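K.L.:
Mind having a look at this structure? Questions to follow.
Just so it is clear, none of the values below were taken in a lab; they were calculated from the coordinates. Please read these numbers as outputs of a predicted model, since none were measured by experiment. Every residue, glycine as well, gets a Cβ built from its backbone with ideal geometry; the counts of neighbours run over all protein chains shown.
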Amino acid sequence: MKNIEQLQTYLTEKDFSQLFILTDDNTSKFCLPVLLEKVDILTDRQAVLLEIPAGEENKTLNTAENIIDSLTESEADRNSCIVSLGGGVICDLGGFVASVYKRGIQNVNVPTTLLAMVDAAIGGKTAVNHSGIKNLIGTFNFTSQVFFDAEFLSTLSSSQIMDGIAEMLKTFVMFDYSGAEELMQITDFTEIKRDLILHCAEIKEKITLEDPYDRGIRKKLNFGHTLGHAVEMFYGLSHGHSVAVGMHYALDLSVEHTGYDKQKADKIKGFIENNYEIPDYRSDMQQLIPLMRQDKKNTDGEIKFILADGQ
């Protein structure tokens, strides 16, 4: 993940035929001015703004089609580039559209939420939701570049920060418990260190380079997501909040099935309970099971959970 200042050089050297900025109405208001100030080639080259309504409910094929229509109307060719400025929804949509428009154009992710900085913008996965199922339709798009600017964190609400904290906790629990310890000691998450964010992002970059198509070690990054995606669709919670709920359950399964240290599990669960509202998901499990059956990790109709290793 490169610094935002390097985006100016990247776009200049690539000499794209056209530049497009994909954003939503919230990000356009709070983050677009920062981007245009720091990457003035976007203004000089008169980049075309593609703005969609904010919200997970807009991560759909219909929205993707509208973006494609706008690209077509602007006569975008295969040497065009989309700069996806936003959170997970924008990064997913931008990458998806870029991967299918004229069989592939360049996409650049500029994540503006903590969740996107440590997860959604990295690794090449793109998707839209369909028929009430999270990320049902998607592609792998490994051409996307990612550029980071910590200044965007100041635009986030506390709930948006906590969405990102959940994804960071997931990554650290699975790959660097010392990072989880440092994260759980933070008392003011608006003051989270830039180095800790970048360390988390570097772990995901390393894992996805090692296993780009999610066939081995990368599956561990889905810790908490089997129940989490179902919780997200059933309760309407945010993605990060839902992953926290999913981890809460997966930690119990890990203690039972892999011998994961119960003291560690209880500490992590306590952190989750102190920072996220946990719905009574066990009582609603019969309604959640059909949603979990749609999870992409499943095989032969069996629901697959990613568990923390015994340690």
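K.L.:
Give me the aspartates and glutamates in straight-line cross-link reach of K38: C-alpha distance below 16 Å, same-chain residues under 8 apart excluded.
P.N.:
Within the straight-line cut-off, K38 pairs with E5, D149, E151.
K.L.:
Right, another one. How about K125: which lysines have a C-alpha closer than 18 Å to its C-alpha, ignoring those fewer than 8 places off in the same chain?
P.N.:
K59, K134, K170, K204, K206, K219, K220, K296, K297
K.L.:
In whole angstrom, note down how far apart the Cα centers of segment 49-77 and segment 247-263 are.
P.N.:
Their Cα centres are 42 Å away from one another.
K.L.:
Once you list every other residue whose beta carbon is under 9 Å from the beta carbon of I303, what net charge do they have if Lys and Arg are +1 and Asp and Glu are -1?
P.N.:
That works out to +1.
K.L.:
Tell me, R282, R45, R218 in order of fewest to most beta-carbon neighbours within 10 Å?
P.N.:
By the 10 Å Cβ count, ascending: R282, R45, R218.
K.L.:
Tell me the GluC sites (Glu not before Pro) within segment 261-311 that lie in a loop according to DSSP and have at most 15 other beta-carbon atoms within 10 Å.
P.N.:
Sparse-neighbourhood loop GluC sites (Glu not before Pro): E277.
K.L.:
Let me ask something else. Averaged over all directions, how much area does the convex hull of the C-alpha atoms of segment 162-292 cover when projected, in nm²?
P.N.:
Seen from a random direction, the Cα hull of segment 162-292 projects 8.3 nm² on average.
K.L.:
Rounded to the nearest 5, what % of the DSSP beta bridges within the chain are antiparallel ones?
P.N.:
If I count the DSSP bridges inside the chain, around 25 percent turn out antiparallel.
K.L.:
Quantify how much of the Cα-Cα distance distribution of segment 2-153 extends past 19 Å, in percent.
P.N.:
46
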